[in-house]
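Have a look at the structure below, then the notes.
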Amino acid sequence: MSSYKEIVTKAVIGKGKKTFTTTSKKGVDTKPTTILGCWVINHQFKGQKQGDSIIIDGSYDVNIWYSYDNDTKTEVLKDRNTYQEIVNVRRREDADSDQEEIIVRSLKQPSCVKVDIEGNNIVYTIEKELGIELVGDLKVKILIDEEEEPWDEIIEDPGKVEEKIDEEVKEDFIKEDVIDNEVI
């Protein structure tokens with residue numbers, strides 16, 4: 001005879017990923033000649049639930065190395081960027097949870113995909129990919145088999161038992177002392 005039981009457990013009740021692209025413009029004092037490199041560092045973020053949406057607040061630093069004065073001098077532009085992304089993650093239909101935990105992961109760290117010079121301005125495009133998981137309580141039904149499983153018979157190897165007995169038996173168990181041709 002079998003029956004079903006319900007278990008309440010923590011499970012992923014919603015999951016999704018999204019790529020975000022942001023273009024920024026930053027002015028510099030000297031007219032750049034050439035862009036030599038672009039790095040994105042110090043990426044930090046956190047997610048929170050607001051209504052049916054997930055709001056991700058984050059920030060990162062952009063460092064753009066450029067030359068000026070006909071490629072004779074260099075400078076580094078440092079720009080701190082903050083962002084707020086709003087996403088909707090589809091939940092499982094059978095999920096019923098008011099207290100959801102939000103886990104945000106950076107699937108692709110922010111990186112500079114394009115940099116242009118427009119007069120005394122540097123225009124750069126940053127791309128990042130974030131993954132969002134919602135964890136909440138979920139009921140799971142499992143099949144219970146109430147019949148007792150038969151026990152397996154444990155059979156000792158007779159050869160090993162005899163070896164163990166031979167190892168443990170001491171042949172000089174009985175000591176004989178002989179005094180004046182008499183066994184004591």
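Subtracting the Cα-Cα distance from 0.36 nm times the residue separation, let me have the gained length for Asp116 to Glu147 in nm, one decimal.
3.9 nm
Calculate the FRET efficiency for Glu101 and Ser24 from the Cβ-Cβ distance with a Förster distance of 22 Å, rounded to the nearest 0.05. The partial results should precede the final answer.
Details: r = 32 Å, r/R0 = 1.46.
With a Förster radius of 22 Å, E is 0.10.
What 222 nm value per residue comes from the helices of the chain, counting each DSSP H run with n ≥ 4 as -39,500 (n - 2.57) and dividing by all residues, nearest 500 deg cm²/dmol?
So the helix-based figure for the chain works out to -2000 deg cm²/dmol.
Of the peptides 130-140, 144-154, 12-22, how do they stack up when ordered by the mean number of other Cβ atoms within 10 Å, highest first?
My ranking of the peptides, most packed first, is 130-140, 12-22, 144-154.
Using a cut-off of under 17 Å, list every residue of the range 97-116 whose amide N is near the label point 7 Å from the Cα of Trp39 along the Cα-to-beta-carbon line.
From the range 97-116, the list is 109-113.
Of Tyr4, Tyr83, how do they rank once you tally other Cβ atoms within 10 Å and put the fewest first?
Ordered from fewest to most neighbouring Cβ atoms within 10 Å, Tyr4, Tyr83 come out as Tyr4, Tyr83.
Enumerate the lysines that Lys78 could reach by cross-link, defined here as Cα to Cα under 30 Å, with residues fewer than 8 away along the same chain left out.
Qualifying lysines at Cα under 30 Å: Lys17, Lys18, Lys25, Lys26, Lys31, Lys46, Lys108, Lys114, Lys128.
Using R₀ = 45 Å, calculate the FRET efficiency as 1/(1 + (r/R₀)^6) where r is the Cβ-Cβ separation of Glu75 and Lys10; round to 0.05.
FRET efficiency, Glu75 to Lys10: 0.35.
Of the candidates Asp61, Asp29, Asp166, which one comes out as most mobile in a Gaussian network treatment of the chain with C-alpha springs shorter than 10 Å?
Sorting by GNM fluctuation, first place goes to Asp166.
Relative to the compact-globule scaling 2.2 N^0.38 Å, provide the ratio for the alpha-carbon radius of gyration of the chain.
Working: Rg = 36.8 Å, N = 184, 2.2 N^0.38 = 16.0 Å.
Taking the Cα Rg and dividing by 2.2 N^0.38 Å, one obtains 2.31.
What are the ³J(HN,Hα) values, in whole Hz, obtained from phi via the Karplus relation 6.51 cos²θ - 1.76 cosθ + 1.60 with θ = phi - 60°, for each residue of the range 33-49 in sequence order, with x given for Gly and Pro?
9, 9, 8, 9, x, 9, 10, 10, 9, 6, 6, 10, 7, 7, x, 9, 8
Each value in this text was obtained by applying a stated rule to the coordinates, not by laboratory testing. Quick caveat, the model's predicted, so the values are computed rather than measured. Note: ideal-geometry Cβ built from the backbone for every residue, glycine included; neighbour counts use all protein chains shown.
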